[in-house]
Amino acid sequence: MANLRILGGRARGRSLRVPESARPSPVRLRKAVFDYLRGRYPDRGRFLDLYAGSGAVGLEAASEGFDVIMVENDPKAVRVLRENVRKLNLPARVIAADASGFVRRAADRGERYRIVFLDPPYDHDLGEALTQVLDAGIVEPGGRVILQHPRELEIPFAERRVYGSSAVTIVEV
């Protein structure tokens, strides 16, 4: 398993274990996302990391002061995520579930999040995942859906930033 470090907040510099199945978000991309969020949400709020994988983004959000839920369905990744949460003592919960099912249940319970981060496997239909999140109404007004994807993919009518072979698209709700 590779090692990765938290970039900012109260756990800055601490290392994370990364499951072999994960594709961690690049450092430059994570730094840019949290620089963006820090300026817009000084009071932080609830952060949902769907398809959490390595947990790099969700744990970074928790270190920055967000109240975080990370959703992942790979049992090995879930174990590593839970270990990292315990080790870093961060305000984050790990839910072992399918992202689509979690979104439906969250909508049924009336849950709302300020930020929803989507980084599904690259062979997953990102448009479908985005539509499901928006249709479910789980993003609070003024919140954002942030999608990480290959740079070749473009989503119209949204803010887009490119970081190497990856890109981030930001949709304001």
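The residues of the range 134-156 that are out of contact with any helix residue (DSSP H, G or I) (no Cβ under 6 Å at 6 or more places or on another chain) and over 27 Å from Asp43 (Cα atoms), listed by number, are Pro150, Arg151, Glu152, Leu153, Glu154, Ile155, Pro156.
Against the conditions (1) assigned to a loop (DSSP other than H, G, I, E, B); (2) in contact with a strand residue (DSSP E or B) (Cβ under 7 Å, 6 or more places away or on another chain); (3) not acidic (Asp, Glu), Arg23 satisfies every one except (2). Within the range 28-41, at least one residue is over 24 Å from Ala129 (Cα atoms) and of a type in the set (Gly, Ala, Ser).
Pairs are defined by a Cβ separation below 8 Å, a sequence spacing of at least 6 or placement on different chains, a first member in the range 4-24 that is under 13 Å from Val57 (Cβ atoms) and among the acidic types (Asp, Glu), and a second member that is buried (at least 21 other Cβ atoms within 10 Å of the Cβ) and at pLDDT below 85; no pair meets this definition.
Of the candidates Gly13, Gly45, Gly55, the single residue that is more than 22 Å from Arg86 (Cβ to Cβ), modelled with pLDDT of 90 or more and out of contact with any Ser or Thr (no Cβ under 9 Å at 6 or more places or on another chain) is Gly45. A single member of Arg109, Arg79, Arg105, Arg30 is under 19 Å from Leu147 (Cα atoms) and of a type outside the set (S, T, N, Q), and it is Arg30. On the stretch given as the range 37-73, residues that are of a type in the set (D, E, K, R), more than 16 Å from Arg10 (Cα to Cα) and buried (at least 17 other Cβ atoms within 10 Å of the Cβ) total 3.
When the range 27-53 is filtered for residues that are closer than 11 Å to Gly143 by Cα and either in a helix (DSSP H, G or I) or out of contact with any Asp or Glu (no Cβ under 6 Å at 6 or more places or on another chain) (or both), the ones remaining, listed by number, are Leu37, Arg40, Tyr41, Arg44, Gly45, Phe47.
Which ones in the range 60-110 are out of contact with any Pro (no Cβ under 8 Å at 6 or more places or on another chain) and among the acidic types (Asp, Glu)? Matches in the range 60-110: Glu60, Glu64, Glu72, Glu83, Asp98, Asp108.
Inside the range 145-173, can you point out the residues that are among the charged types (D, E, K, R) and touching a residue at least 40 places away in the same chain (Cβ under 8 Å)? The answer is Arg161, and nothing else.
The values are calculated or read from the model by the stated rules, or taken from the named source; none is laboratory data. Quantities reported herein were computed from a predicted structural model and do not represent experimental measurements. Please note: Cβ atoms are built from the backbone with ideal geometry, for glycine as well, and neighbour counts cover all protein chains shown.
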